[in-house]
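> Submitted below is the structure of interest, expressed as structure tokens.
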Amino acid sequence: MTRGFPKVGDILFTTEAPLGNVAAVDIEEPFALAQRVICFGLYITSMSVCLKHALLSGYFQEAISDQASGVTAQGIKSARLQLIPVPVPPLAEQIRIAHQIEKLLALTATLKARLTAAQTKQAHLAETLIAEVC
């Protein structure tokens, strides 16, 4: 975990307000991190997708919530964050898991788009029926 200048493939993690947001760095332009953001610098950038999803998992989000402090704004110190174990399977398995997650996310996006289109069509049909009745 570092501060400073992230590079493509690193994972950013918010430590407060809001706690536990995660993003993968996918831009090459240099930028600096402010307070309340930690960078997980990865030596093997192909681990990025799997780590991102591990940090977003219910298990990890619950663990950081349990370790968080503060009343007005929940936060976690890096010393406490370092104590939370992150399950890391072998690299080949991480790549397989990441591909499956990406496929499922793409499928979810497609299904959401189809549902939205169907709802729009349904609304147009309802409007047409109401217009014909009136």
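The values are calculated or read from the model by the stated rules, or taken from the named source; none is laboratory data. Quick caveat: nothing in here was measured; it's all calculated off a predicted structure. Here the Cβ is made from the backbone with ideal geometry for all residues, glycine too, and neighbour counts use every protein chain on show. Ligands, DNA and RNA are stripped out before the accessible areas are found, and what is left, the full protein with its side chains, is counted by its heavy atoms. Shrake-Rupley method; radii C 1.70, N 1.55, O 1.52, S 1.80 Å.
> Do you know which of the residues in the stretch 1-53 that are open to solvent by less than 40 Å² (accessible area, probe 1.4 Å) and polar (S, T, N, Q) is farthest from L83 (Cα to Cα)?
Across the stretch 1-53, the extreme among qualifying residues is S48.
> Identify the residue in the stretch 5-35 that is of a type outside the set (A, V, I, L, M) and in contact with a Cys (Cβ under 7 Å, 6 or more places away or on another chain) and, among all such residues, is modelled with the highest pLDDT.
Selected residue: D10.
> I would also like to ask the following. Answer yes or no as to whether I64 is over 27 Å from K103 (Cα atoms), in contact with a Leu (Cβ under 9 Å, 6 or more places away or on another chain) and part of a helix (DSSP H, G or I).
yes
> Moving on to the next point. Just the residues that are in contact with a Phe, Trp or Tyr (Cβ under 7 Å, 6 or more places away or on another chain) and either among the aromatic types (F, W, Y) or part of a strand (DSSP E or B) (or both), please, taken from the stretch 13-30.
F13, V22
> In the list A113, A106, A123, A118, which residue meets the criterion of being at pLDDT 90 or above and under 19 Å from the mean Cα position of the chain (by Cα)?
After applying the criteria, what remains is A106.
> Follow-up question, since we're still on this one. Check I64, I95 and return the single one that is surrounded by 14 or more Cβ atoms within 10 Å (Cβ to Cβ), of a type in the set (A, V, I, L, M, F, W, C) and at pLDDT below 90.
After ruling out the rest, the residue left standing is I95.
> Across the stretch 55-96, what is the total count of residues that are within 23 Å of F5 (Cα to Cα) and not β-branched (V, I, T)?
Selection size over the stretch 55-96: 9.
> Still on this structure, please answer the following. For the stretch 79-92, which residues satisfy the criterion of being surrounded by 13 or more Cβ atoms within 10 Å (Cβ to Cβ) and farther than 17 Å from A54 by Cα?
Within the stretch 79-92, just R80 meets the criteria.
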